[in-house]
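These notes are about the structure you will find just below.
Please treat every number below as a calculation from the coordinates, not as lab data. Values in this document were obtained by computation on a predicted structure and should not be read as measured data.
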Amino acid sequence: MTGLITGGQRRERVLVTGGNGFIGRAVVAAFRERGIAVTVADREQAVKPVDGVRYIHGDLADAEVRDAALAEDTTGIVHLAALTSVLKSVDRPAHTYRDNVVVTQELLELARQRGVGRFVFASTNAVVGDVGTGTITDDLPLRPLTPYGATKAACEMLLAGYAGAYEMRTCALRFTNVYGPGMGHKDSFVPRMMRAALTGDTVKIYGDGRQKRDLVHIDDVVRAVLLTWEREHTGRAIIGAGRSVSVLEMLEAVRQVSARPVPAEHVPAPGGEMPAVIVDVTRSKQTIGYQPTVGLVDGLASTWTYFQEAVAEGRPA
């Protein structure tokens with residue numbers, strides 16, 4: 001499973017599923033900068049198509065779409081496409097299973113049949129469930145608490161099975177909360193704070209705001225994907241900042257980089273709100289060479305610049 005050989009060297013092509021999304025666009029740009037051919041498969045149309053990228057528009061649950069996406073010269077897959085909403089997964093567990101587990105298995109099987117040896121998968125630390133204020137490591141048992149977490153855990157088991165049986169190089173990257181330029185369409189806490197800073201609106205904070213989260217910048221996430229691709233690592237790796245901050249600290253950092261007051265309103269926390277997400281990225285350095293490089297203030301500053309430019313250019317923010 002080594003791909004096509006041309007002139008004594010392997011010619012690389014990566015299929016990036018979900019390549020028109022927040023993380024996907026950044027990953028596609030990084031591969032193109034390295035001269036690697038890219039195919040994007042996504043249900044969403046590309047807002048700004050990248051020159052030289054082959055786009056396949058459609059649902060990967062459709063066998064014809066998968067067949068078209070996995071071109072003969074493909075040497076690996078970066079599988080980012082998924083249903084990622086925990087709340088939607090609770091409302092629509094069967095749909096979540098189809099989008100996340102069935103599609104992943106079908107892609108793995110097609111890759112096996114076509115001799116595509118590399119498979120990098122976007123996972124989540126939700127596969128280990130709620131560990132309270134403990135530290136999440138990559139050797140904790142899989143104990144998901146939601147359909148979303150369960151589908152990602154199932155996919156990780158599929159990756160391990162295909163690696164063991166067919167010597168495919170499969171790796172699950174467990175991302176924490178990803179943020180950065182390009183996330184204007186998202187409705188997570190960082191873009192909500194950014195919009196509040198732009199408009200002067202109040203941002204809502206669940207509970208007392210002392211719950212801790214690990215925020216990882218998009219640049220670090222892209223670096224992790226590239227390292228995994230280059231090293232052809234098999235297994236799993238936690239991709240985060242390795243330093244958790246409270247929601248109140250996030251808000252204060254946004255006030256700092258935006259130089260705006262950003263008023264806040266404390267509201268009751270919904271059921272299931274975790275007190276902390278604390279991850280250990282030590283083994284990720286050992287296995288794929290990953291080290292986070294973007295600090296919170298610098299990362300939020302780049303995100304703030306992106307939101308300001310979006311408004312200036314008349315784009316949604």
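Annotations
- Once the Cα atoms are used to define both axes, helix 147-166 deviates from the longest principal axis of the chain by about 30 degrees.
- Across the stretch 135-269, counting alpha-carbon atoms alone, Rg and Dmax equal 18.0, 56 Å.
- Antiparallel bridges, percent of DSSP beta bridges restricted to the chain (to nearest 5): 15 percent
- Inter-centroid distance (Cα atoms) of the stretch 103-167 relative to the stretch 210-281, Å: 21 Å
- Around the amide H of residue 77, modelled in the peptide plane, lie the amide H atoms of 15, 118, 119, 120, all under 5 Å away and 5 or more residues distant in sequence or on another chain.
- Mean shadow area of the chain over all directions, Cα convex hull, nm²: 16.0 nm²
- The P(r) of the stretch 203-267 has a tail past 18 Å containing 53 percent of all C-alpha pairs.
- The stretch 143-200: mean projected area of Cα convex hull, nm²: 5.9 nm²
- Dividing the summed helix terms, -39500 (n - 2.57) for each DSSP H run of n ≥ 4, by the number of residues in the chain produces a 222 nm estimate of -11500 deg cm²/dmol to the nearest 500.
- By the equivalent-ellipsoid construction on the alpha carbon gyration tensor, the stretch 46-172 comes out with semi-axes of 26, 18, 14 Å, ordered largest to smallest.
- Table column - 3J(HN,Hα) (Hz), the stretch 93-101, Karplus curve with 6.51, -1.76, 1.60, x for Gly and Pro: x, 5, 5, 5, 4, 4, 5, 9, 7
- GNM result for the chain, Cα springs below 10 Å: residue of 211, 45, 113 fluctuating most strongly: 113
- Rounded to the nearest Hz, the phi-derived 3J(HN,Hα) couplings of the stretch 290-300 under the Karplus curve 6.51 cos²θ - 1.76 cosθ + 1.60 (θ = phi - 60°) are 7, 9, x, 10, 9, x, 4, 5, 4, x, 5, where x marks glycine and proline.
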